[in-house]
Protein chains: 2
Amino acid sequence: MPELRRDPIIGRWVIITKERGKVKKDFEQISEMDTSEGCPFCSGKENLTPPEILSFREPGTRKDEKGWWVRVIPNKFPVLRVEGNINRRGEGMFDYMDGIGAHEVIIETPKHDADFSDLDIKQAEEVIWAYRDRILDLKKDIRFEYILIFKNHGADAGASLSHPHSQIIAMPTIPVRVKQEIDGSRNYYEYKERCIFCDIIREETEANTRIVSENEDFICITPFASRFPFETWIMPKIHSSIFEDLSKHEVTNLALILRDINGRMNKTLEKPPYNFIIHNSPCRTGKIPYYHWHIEIMPRLTKVAGFEWGTGFYINPTPPEEAAKFLREID
Amino acid sequence: MPELRRDPIIGRWVIITKERGKVKKDFEQISEMDTSEGCPFCSGKENLTPPEILSFREPGTRKDEKGWWVRVIPNKFPVLRVEGNINRRGEGMFDYMDGIGAHEVIIETPKHDADFSDLDIKQAEEVIWAYRDRILDLKKDIRFEYILIFKNHGADAGASLSHPHSQIIAMPTIPVRVKQEIDGSRNYYEYKERCIFCDIIREETEANTRIVSENEDFICITPFASRFPFETWIMPKIHSSIFEDLSKHEVTNLALILRDINGRMNKTLEKPPYNFIIHNSPCRTGKIPYYHWHIEIMPRLTKVAGFEWGTGFYINPTPPEEAAKFLREID
């Protein structure tokens, strides 16, 4: 059972999985990415994965067989386990919880070599519907406080398989990064009585120097204080704190803008490795006026080193205004 | 001039250096590390660096020539610049400062291929004296709020040169990671009237499961909530909030334990890339009872990916008790 441990000084939780390597060679990266031949996420290889949790598939085809276009499975190497209780406890000055949670993989397409920008719009929408279905289902489990959807694309971004997939982790505590955002947004709201994300959208629209792309429902910007070169954020234009409240119309427009941004990034940066995260409200938070769900996309072009670990500062060599210009002008 | 920008939501500062690449190839890692032939940090190559700020050298030898055993120079590619004023300002909802600071390199030995564990004890002590001298000097500049000493060793830890060196960055604001530690420690002190680091040392000494090494003045542990496999912390046993208050005796013992830990890590993990940071009190904080300076050493064996960026959580596959056992038993 993995264990969550709380740093006694700053309160940050760490997941100790207890299952992997101890000496250097155990940590060595599997550098050759899988080929379609041996890929467990390809169509026809369903027997190589744990039984599916959800799939969108052709009528008449059977679970864990061919015929699906989106497939959700448990992660074979979960960082948190679904069985058991949280079992919060202390030992002297130290705090533990059991590593309870869910860890699933969303296979975004049966095609091995596609990136999100290669999907047709219907397929891209289906990925978002799968995200939504899984969030709604996982939210029923009252042990979970937060559900994160994220994506590691490319070995340098931490992916171990190249077949397009995202991941979901449901966890028993609200992560510190999200808590900081919610606290910051709440403080701003208390002072201004306006959502800070809505204000950012308004200010960015006026300045028009960091907008990459937009459609009726969504805007994509390079944030003012971008941590990474070519970091982009996608936000719904109309205030919404809950991802799974997406209307059908918004699902289409989110699929369109995600595909568009992924394509621009792949063209400008020659298919970089990247991470993608959805920041949503915590599970038990109802609709709130001060938090605004959004997607953060971070190409992995620079290394994080001692200075960043020591300070929490980031060093970004590319001003977001320039990144936005590059991304905007490519077509 | 680099620019500091404040994230309006969570208040984190980012340094936008504005000087480096825009397209993918500009970010590509220089994978071949320098050889001693072309290394600007080697003895006899002093003309390849900016003029030295400090050196410990043989009597009769001249500045920027051979004869030194520790040499401090300005970083040729500084992330912050020393000239000018901080110039804090706002633009709409966004906050800026000019990127004022100092960025120096401490060349730890004239020998190209040594790691810290290869230094003789006198040489190791001299590196610490150089750290101390530079901190004392930089603290005179009232524009600086914080001085960080850190080290990136190995390309995967962000080093661009392999010759043993550390870096110093003086900056105009207290970094968020340090602020979190100080706030956490102050809260604990207000509640318990004891330093949390002193309590950790006491608890670790009793439990004796996470101690790697100790001497009269210092203890090295794998912290309870280690973020990374084989992460270690070195702390002075007697409470001290200020690194530069080190006595001569303590400098010797710090050199000894640093050399010891570096050697154990290199043996156990076959010379891993690593980052090393000194967490000291901010420049204008006098002696305080609740904060305790310390060194954090982080071998870079795992990749940080979407989950970590999205949550601020860390996933560590090696329990610190096991890491401590491995490091302790090697000799």
(Q) Can you pull out every residue in region B:147-157 that is more than 8 Å from chain A (Cβ to nearest Cβ) and either in contact with a Cys (Cβ under 8 Å, 6 or more places away or on another chain) or crowded, with 21+ Cβ neighbours inside 10 Å (or both)? (A) B:ILE147, B:ILE149, B:HIS153
Q: Considering only residues that are surrounded by fewer than 16 Cβ atoms within 10 Å (Cβ to Cβ) and either hydrophobic (A, V, I, L, M, F, W, C) or not assigned by TED's automatic domain parsing to the domain that holds B:GLY67 (or both), look in region B:102-121 and name the one that is nearest to B:ASP260 (Cα to Cα).
A: B:ILE121
Q. Would you call A:GLY286 among the small types (Gly, Ala, Ser) and either within 22 Å of A:ARG227 (Cα to Cα) or under 19 Å from the mean Cα position of the chain (by Cα) (or both)?
A. no
Q) Do you know which of the residues in region B:167-198 that are aromatic (Phe, Trp, Tyr) and surrounded by fewer than 21 Cβ atoms within 10 Å (Cβ to Cβ) is farthest from B:THR222 (Cα to Cα)? A) B:TYR191
Q: State the number of residues belonging to region A:128-146 that are away from chain B (no Cβ under 11 Å) and in contact with a Pro (Cβ under 9 Å, 6 or more places away or on another chain).
A: 3
Q | Residues of region A:106-126 satisfying the condition of being in contact (Cβ under 8 Å) with a residue 12 or more places away in the chain and either over 20 Å from A:GLY44 (Cβ atoms) or part of a strand (DSSP E or B) (or both) | A | A:ILE106, A:ILE107, A:ASP115, A:PHE116, A:SER117, A:ILE121, A:ALA124, A:GLU125
Q) If you go through region B:189-212 one residue at a time, do you hit one that is of a type in the set (Val, Ile, Thr), within 17 Å of B:MET265 (Cβ to Cβ) and more than 10 Å from every other protein chain (Cβ to nearest Cβ)? A) yes
Q) A:LYS76 fails exactly one of the following numbered conditions: (1) at pLDDT below 90; (2) outside any loop (DSSP other than H, G, I, E, B). What is the number of that condition? A) (2)
Q) Restricting attention to region A:203-210, does a residue exist that is out of contact with any strand residue (DSSP E or B) (no Cβ under 9 Å at 6 or more places or on another chain), free of Cβ contacts under 8 Å to residues at least 60 places away in the same chain and outside any helix (DSSP H, G or I)? A) yes
Q: Please determine, by comparing only the residues of region B:199-231 that are within 19 Å of B:GLU250 (Cα to Cα) and of a type outside the set (A, V, I, L, M), which one is surrounded by the most Cβ atoms within 10 Å (Cβ to Cβ).
A: B:CYS220
Q: Would you please name the residue that is farthest from the chain's Cα centre (by Cα), looking only at residues in region A:160-182 that are at the interface with chain B (Cβ under 8 Å from one of its Cβ atoms) and not β-branched (Val, Ile, Thr)?
A: A:GLN180
(Q) Going through A:GLU321, A:GLU250, A:GLU308 one at a time, which residue ends up being in a helix (DSSP H, G or I), in contact (Cβ under 8 Å) with a residue 60 or more places away in the chain, of a type outside the set (Ser, Thr, Tyr) and more than 7 Å from chain B (Cβ to nearest Cβ)? (A) A:GLU321
**Q.** Whichever residue in region A:267-285 is surrounded by fewer than 19 Cβ atoms within 10 Å (Cβ to Cβ) and out of contact with any Lys or Arg (no Cβ under 9 Å at 6 or more places or on another chain) and, among such residues, is nearest to the other protein chains (Cβ to nearest Cβ)
**A.** A:LYS267
Q | Test: B:ARG177 is touching a Ser or Thr at 6+ places or on another chain (Cβ under 6 Å) and either among the hydroxyl-bearing types (Ser, Thr, Tyr) or in a helix (DSSP H, G or I) (or both) | A | yes
Q | Looking only at region A:37-62, and only at residues there that are surrounded by 14 or more Cβ atoms within 10 Å (Cβ to Cβ) and over 16 Å from A:THR109 (Cβ atoms), the one that is nearest to the chain's Cα centre (by Cα) | A | A:ILE53
**Q.** Residue under evaluation B:SER55, criteria (1) modelled with pLDDT under 95; (2) in contact with a Phe, Trp or Tyr (Cβ under 7 Å, 6 or more places away or on another chain), criterion not met
**A.** (1)
Q.
Can you confirm whether A:ILE288 is buried (at least 22 other Cβ atoms within 10 Å of the Cβ) and touching a residue at least 12 places away in the same chain (Cβ under 8 Å)?
A. no
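The values are calculated or read from the model by the stated rules, or taken from the named source; none is laboratory data. Everything numeric in this text was worked out from a predicted model, so none of it was measured. Here the Cβ is made from the backbone with ideal geometry for all residues, glycine too, and neighbour counts use every protein chain on show.
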